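J.: Before anything else, here's the structure in question.
The values are calculated or read from the model by the stated rules, or taken from the named source; none is laboratory data. What you see is a predicted model; the values in this text were computed from it and never measured. For neighbour counting, all protein chains shown are included, and Cβ atoms are generated from backbone atoms with ideal geometry for every residue, glycine included. Heads up: the accessible areas ignore ligands, DNA and RNA and are worked out on the full protein's heavy atoms, side chains in. Shrake-Rupley method; radii C 1.70, N 1.55, O 1.52, S 1.80 Å.
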Amino acid sequence: MRLAGNTLNPSVLIIGCFHGDEPQGKYLIEEYLKLYPESNLLFIPCLNEYGVKNKTRTNKNGVDLNRNFPAKNWELTEKNEYFGGEYPKSEKETCFVIDTVEKYNPKIILTLHAPYKIVNYDGEAGELAEEISKIINYPVEGNIGYPTPGSFGTWAGIEQKIPTITLELDEEVEVESLKESVFRIFKLLENK
């Protein structure tokens, strides 16, 4: 876990690889930073380094990081690929994200996931989701369609009131083909 991009006064935080089996975010962020090293965006290119290295959804403790946030709807679940930990905020990666949000107080957060090809949002991010949808041509969904106790979107978007977008990328295409539209989305966010 590391921060990249603007650490002076960022207004937008972009996070890649909550889930290690969704590596597209890391690649896209790193490629963007090669072209635009002076970006005014703040990035966490790869939150779940263990998961990416081992091609697993969860971190080294078997925790789905996107279910480990101290949202009011967090619950202890069975130990499967959606296990949210023994208690909320039990994982170092979760603490890193929370500390980053508290330190930099972003106005907008974008997380990069796969594979659903949708623009999902939490909190007051509906208009921004529509703008992003026009760029990437994915439908906007206010609800992912299944329960997500302890999710980052619930914690950040609804409870912390930071407009939060979950961009679910197409995993069936070469990640290279996503660069143009995702970079346009990053550029859109640079102007927010």
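J.: How fast does the chain diffuse by Stokes-Einstein, in µm²/s, taking the Kirkwood radius from C-alpha pairs at 4 °C and 1.567 mPa s? Can you show the working numbers first?
T.: Numbers: Rh = 16.3 Å.
Rounded, D is 80 µm²/s.
J.: Can you give me the long-range amide H partners of residue 15? Hydrogens built in the peptide plane at 1.01 Å from N, cutoff under 5 Å, separation of 5 or more residues or another chain.
T.: For residue 15, whose amide H was placed from the backbone, the distant partners under 5 Å are 44, 110, 111, 112.
J.: At 1.4 Å probe size, with every protein chain present, just tell me what the per residue accessible area of segment 1-147 comes to in Å².
T.: Here the residues of segment 1-147 average 49 Å² of exposed surface.
J.: What is the set of long-range amide H partners of residue 62 at a cut-off below 5 Å, with H atoms built 1.01 Å from backbone N?
T.: Answer set, sorted by chain and number: none.
J.: Report relative contact order for the chain in percent, whole number only (criteria: Cα-Cα under 8 Å, sequence separation at least 6).
T.: Reported as a whole number, the value is 25 percent.
J.: A follow-up question, please. Sort 69-81, 100-112, 142-154 for me by packing, meaning the mean count of neighbouring Cβ atoms within 10 Å per residue, highest on top. Spell out each step's value before the answer.
T.: Values: 69-81: 14.7, 100-112: 19.2, 142-154: 17.4.
Taking the mean over residues of other Cβ atoms within 10 Å, the ranking is 100-112, 142-154, 69-81.
J.: Please report the spacing between the Cα centers of segment 1-78 and segment 96-129 in Å, no decimals.
T.: 11 Å
J.: Further question on the same structure: Express the carbon and sulfur contribution to the solvent-accessible surface of the chain as a percent, rounded to the nearest whole number, probe 1.4 angstrom.
T.: Numbers: 4260 of 9230 Å².
Its accessible area is 46 percent carbon and sulfur atoms.
J.: Here is a follow-up. Apply the Karplus parameterisation 6.51 cos²θ - 1.76 cosθ + 1.60, with θ equal to phi minus 60°, to every residue of segment 175-183 and state each ³J(HN,Hα) to the nearest whole Hz, in sequence, with x for glycine and proline.
T.: 4, 4, 6, 8, 4, 4, 6, 5, 5
J.: Here's another thing I want to ask about it. So what J values fall out for segment 67-76 if you push phi through Karplus, 6.51 cos²θ - 1.76 cosθ + 1.60 with θ = phi - 60°, rounded to Hz, Gly and Pro as x?
T.: Along segment 67-76, the couplings run 10, 10, 8, x, 6, 4, 8, 4, 8, 6 Hz.
J.: For helix 24-35, what angle does its Cα long axis make with the longest principal axis of the chain, in degrees from 0 to 90 and rounded to 10?
T.: The angle comes out at about 40 degrees.
J.: A further question follows. Residue by residue through segment 104-113, which ³J(HN,Hα) values in whole Hz follow from phi under the Karplus form 6.51 cos²θ - 1.76 cosθ + 1.60 (θ = phi - 60°), with glycine and proline marked x?
T.: 9, 6, x, 7, 9, 10, 10, 10, 9, 10
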